Every structure is written in structure tokens, then in C-alpha cells.
Amino acid sequence: IIINEVAWSGTKANPEDEWIELKNISGYTLSLDAVRLTNTTETRDTLLSGTISAQNTTDNTDLYVIERRTDATTA
């Protein structure tokens with residue numbers, strides 16, 4: 001799993017429209033049940049769950065998007 005994209009400064013509509021996009025670059029479906037994202041001071045802690053499908057070059061099934069606010073941030 002790699003961090004594929006980070007939208008850190010938000011959008012013109014709202015500076016809190018932020019997200020991190022994780023990408024599965026393997027050929028296998030991966031579980032996120034033991035994955036934790038945190039900052040160095042551990043003041044932000046996000047436990048993930050679910051799976052990321054194996055890499056697929058025809059669509060984006062291998063992406064996992066974590067949004068700060070709502071699903072309205074990304075289409």
C-alpha cells in the first residue's frame with residue numbers, strides 16, 4: 001500500500017475538504033483491518049478497515065480514499 005495522493009490544503013469551497021488516497025500496487029486484495037494512520041505526535045489517529053482490491057489498470061478499484069469531512073469532497 002502506498003500513499004498515492006494527498007489533498008492537504010482543501011478546495012476553494014472549503015479548506016477542510018482534504019483527503020488521502022491509498023493505492024494497492026500489489027496483485028492481491030489487501031486487508032486494512034490492522035492499518036493505522038497517525039501523525040508523529042499521535043494527536044490524529046485513524047484506524048482503517050475494509051479492503052483494497054488488487055491493482056487494476058482499467059479502473060480505480062485499487063484506490064482507498066480517506067476524507068476529512070464528507071463524501072461530498074470527492075466524486
Some residue of segment 30-37 being among the β-branched types (Val, Ile, Thr) and within 21 Å of Val6 (Cβ to Cβ): yes
Any chance Lys12 is more than 11 Å from the chain's Cα centre (by Cα) and at pLDDT 75 or above: yes
Matching residues, segment 38-62, being open to solvent by 60 Å² or more (accessible area, probe 1.4 Å), closer than 13 Å to Ile1 by Cα and in contact with a Leu (Cβ under 8 Å, 6 or more places away or on another chain): Thr51
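The values are calculated or read from the model by the stated rules, or taken from the named source; none is laboratory data. These figures come from a predicted structure and were not determined experimentally. All Cβ positions, even for glycine, are placed from backbone atoms using ideal geometry, and neighbour counts span all protein chains on display. Surface areas here come from the heavy atoms of the whole protein model, side chains and all, with no ligands, DNA or RNA. Shrake-Rupley method; radii C 1.70, N 1.55, O 1.52, S 1.80 Å.
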